[in-house]
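Student: Just passing along the structure, written as structure tokens.
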Amino acid sequence: MFPARTAVPDFRLVETLSLGTGQLVPALGAARDRLCAELVARGVTPILCESWPDLQALNARHRDSWFPLLPKPASAPSFWLGLVDGEGEVVATHAVVLVDCTASSFGARLADLSALHDPGDAPADEWAFVASEAAHDTSGAVAWIVAGWTRPDWRGAGLFHRLGELVRLVALARWNPKWVVGLVDPETVPVWSGRGGGRRRLEERPGILYHQNDVGRLPLHFMRWGRAALLDTRS
């Protein structure tokens, strides 16, 4: 049963979200319902939260098992999904930021830090080097998946990929992006091994080097899904 109180004050249940109208809604709804049922069977309930400060506070409370969040422009649309256990605690998250790459590619917006900060807000010591051809080839409306975390005592319970699939489906229903992308650190690359095959692209080499303020240099692999792959929840 879903707890009466949760650690997040303002949320909606993913299983009851409106997915809008259009030809994709039946497929999106069927995939959403299946993923929610699988997660509930594992003892957690998916929620959607619009508050980025709530995600930041959650990240701060679990800093012993969770890297600092990547920054995002304050003006960028965003939301995050959480999995709540029977005690009302969030035990896993995935978040998504909408990046407008109509005028400049995702790679270019990483390189000039505009995908991470509003103009003039980037710290002086922060920079990004983007050698990924796929990142520079990614344009249009881009949904950027960030903040993938699972509390240590819930790891191995089959939550990570199902929650990732769910957040991509919700992003597709909400924004209809041309692409969904992610940046994967080398330690996490094995988690994706064998997942998705040709349905998503994960570059073998870390083609992005990002120096985050107060964190240091982060080598990152670029990962990307097109719209067709988003409808295949095996990706």
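The values are calculated or read from the model by the stated rules, or taken from the named source; none is laboratory data. As the structure is a prediction and not an experimental result, all values here were calculated from the model. Cβ coordinates were reconstructed from backbone atoms using ideal geometry, including for glycine residues, and neighbour counts include every protein chain displayed. Areas reflect the complete protein model, heavy atoms only, side chains present, ligands, DNA and RNA absent. Shrake-Rupley method; radii C 1.70, N 1.55, O 1.52, S 1.80 Å.
Student: In the chain, which whole DSSP H runs stretch at least 18 Å along their own axis (Cα) and average -0.5 or higher on the Kyte-Doolittle scale? Show your work: numbers first, answer last.
Tutor: Details: long enough: 25-41 (24 Å, 0.78); 160-175 (22 Å, 0.53).
Sorted by number, the helices that extend far enough and score high enough are 25-41, 160-175.
Student: Also, quick follow-up: Could you go through region 84-94 in sequence order and give the Karplus-derived ³J(HN,Hα) for each residue, using 6.51 cos²θ - 1.76 cosθ + 1.60 with θ = phi - 60°, rounded to whole Hz, and x for Gly and Pro?
Tutor: Residue by residue, region 84-94 yields 10, 8, x, 9, x, 9, 6, 10, 7, 9, 9 Hz.
Student: To continue, here is another question. How big is region 91-235 along each principal axis, measuring the range of its Cα positions in Å and listing the largest first?
Tutor: 41, 32, 27
Student: Between rounded, prolate and oblate, where does region 36-93 land on the alpha carbon gyration tensor, with a ≥ b ≥ c its root eigenvalues, rounded for a/c under 1.5, else prolate if a/b exceeds b/c? Intermediate results must be reported in sequence, preceding the final value.
Tutor: Details: a/c = 2.59, a/b = 1.54, b/c = 1.68.
The shape class here is oblate.
Student: Additional query: Within the chain, what whole-number % of the accessible surface is contributed by carbon and sulfur, with the 1.4 Å probe and all protein chains included in the calculation? If you can, show how the numbers build up before the last one.
Tutor: On the way: 5770 of 11110 Å².
Carbon plus sulfur share of accessible area: 52 percent.
Student: What is the dipole size for region 80-235, taken about its Cα centre, with +1 at each Lys and Arg Cβ and -1 at each Asp and Glu Cβ, in debye to the nearest 20?
Tutor: Numbers: 16 positive and 19 negative charges, 170 e Å.
The dipole magnitude comes to about 820 debye.
Student: Expressed as a whole number of Å, what is the distance separating the alpha-carbon centroids of region 151-225 and region 21-47?
Tutor: The distance from the Cα centre of region 21-47 to that of region 151-225 comes to 20 Å.
Student: Also: Could you work out the equivalent-ellipsoid semi-axes for region 1-117, taking the square root of 5 times each eigenvalue of the Cα gyration tensor, largest first, in whole Å? Each step should come with its number before you reach the end.
Tutor: Details: eigenvalues 147, 91, 25 Å².
Working through the eigenvalues yields semi-axes of 27, 21, 11 Å.
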